[in-house]
Every structure is written in structure tokens, then in C-alpha cells.
Amino acid sequence: MSEYTHIQELNRGAGTQGTLLIPRKIYDTLIPEYEKMLLGRDVCGLVLGPEQVPGRSADINLESVNAMNVRLIAEGAEIVRQEPLYTSLNVEPLKYGARVDITREMMEDSQFPLLQRAVELIGKRFAENETSLMITQLNDGANTVAGGAAVTVANLTRAMQYLEADDATPTHWIVGVEVANDLRNIDSFFEAEKSGGNNAVQNNFLGTIYGLPILRVSSNAGMTSTTAYCIDKRYALVCVEKRPITAEAYTLEIQDVQGVALTQRIAFDNLRTTAIAIITSS
């Protein structure tokens, strides 16, 4: 059983039939699907939870790249004082939600657990939404490599070069399904089964190329199938979550309906756009 720490559960007004929707059961059904599909926060260099967001938004100080320099100092001369240069990034989480109502008749007559199926699907959709929000920010990457009909070795190495030229170190590939197929045909591709199973995003882990893990993202999560991103995880993205996924079970007794509503307040933003290179193919 998963004990994912970013989940809260509430059970309000359960009523006579509310025991069908006990939060523990909702949790155990929701979280495996959520974790299995989750990608967004696992490739963020900075993740802020509710305790780190005291108000409606978070202010993050970003140090300017190459703001500090080491200088040659003559004997007896004063050491030049330098102060790091910072810019402020304000990130305000937005609210997302989903709700499902099921009549008692539907639950009585169904040959499979309707509520469980619905909660499993909601778990997938929340994870896909997080990933889609992340992809939106990756599209602000400062560097673009235009590929042809398929992504090639030259495209990959150029993307890595862009990051390295801006004092970033490539750490991950994030790819659409068509690019994933292109990479399988490159000699330096190393499939997941041979790369070991200890990966934070195992269910999206395709393998490695040039020593970097490849994370495959489906179109359902907002990923263009012919696009790939090369990122430095340390500097590319920030995730700010004000409200973890909150599940509320309820009963509409006058309508003889059981339901569950889930909400989350979350946002992603860029730390450094130069830590992201985009590869596009046709």
C-alpha cells in the first residue's frame, strides 16, 4: 500500500451509505494510479509543499548565472567585493478538480466496482494534468533543435551542447511516443530492462541514451509525440503545491447518490529556460 505524502483525505457527511466511500479506500484506489502515471514533480529541481507556501503564492530568488567572478588581485590590493545578483520569481498555484457521482442503483446493478474504476481514472487524470502543466513550461526552453523525419544522434548531441554552453549539465530526456521509437533505433540506446529497475519514474522509464534516462510521455499528458526535451533537472523547473490532492466523500441523500470530489492547487514554472533544449521532428 502506498503512503504518498502529498495526499489529504476528508470524509464529510458520509450518512448511512457513506461507509461505501470511506477515505482509506479512496486513498488506496487513487494513489497507485496517481503514482504510476506521475512525472511532473520528479523532474523538478525544486518542489515546494504547503508548509513552504504561507500565502497564495511563493516568491523564489533566482541567482543570475555567471554573476560572480574570480579576479586576479595584486599584492596588497583590495579584494574586489561582489554581490550575487538575484531575480524574483513569483509562482501562484491554481486549483484543479474532478468529481464523480454514482447512484445507488448503478452500484447495486453493476457487475464491477463503478466507484473504484472512477477513482482510478481520476488518479490517472490528476497525474496527467501535472505532467501537462510541466510540459507547458518546458515549451519555454531557450534553445530549439529542428530535426527531420526522425530524431537523430546529431539532434541529441546538439541539444546537449546547448545546455552545456550555458553552464547546465544534461540529466534527462523527456520524449513523445514517436521520438521514443526513433531513439530505439539509435545504437547508443540502452533499454530499460538492461538499465536497472531502480528509477524514480519507473513506469515512464524507457531506457538511457548517452547515460541519461529517457522518460516517455503520452499525448494524454499534453506531450507532442514528435517532440523531445533535454533538461538539467537541477535548474529547469519548480513545482509549487499549495493544496495536495484532497479527496472528499459525500452523500446526496435526497437523490440517493454517492460521490467523491477531488481538488488540488499546484503550479509549475521555469527556473532557467537555458536549462531546457527542445528537439522537434516532423
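Read the figures in this text as sums done on the coordinates, not as results from a lab. Predicted model only: the values in this text are computed from it and were never measured. For neighbour counting, all protein chains shown are included, and Cβ atoms are generated from backbone atoms with ideal geometry for every residue, glycine included.
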### Task
Take the residues in segment 220-231 that are over 14 Å from the mean Cα position of the chain (by Cα) and within 26 Å of residue 91 (Cβ to Cβ), then tell me which one is surrounded by the most Cβ atoms within 10 Å (Cβ to Cβ).
230
### Message
Checking the conditions here, which among 97, 141, 147 is in contact (Cβ under 8 Å) with a residue 40 or more places away in the chain and either within 30 Å of residue 259 (Cβ to Cβ) or surrounded by fewer than 18 Cβ atoms within 10 Å (Cβ to Cβ) (or both)?
### Response
97
## Note on the structure
Those helices (runs of 4 or more DSSP H) completely within segment 72-188 that have 2 or more residues that are more than 20 Å from residue 39 (Cβ to Cβ) are 104-109, 114-138, 153-165
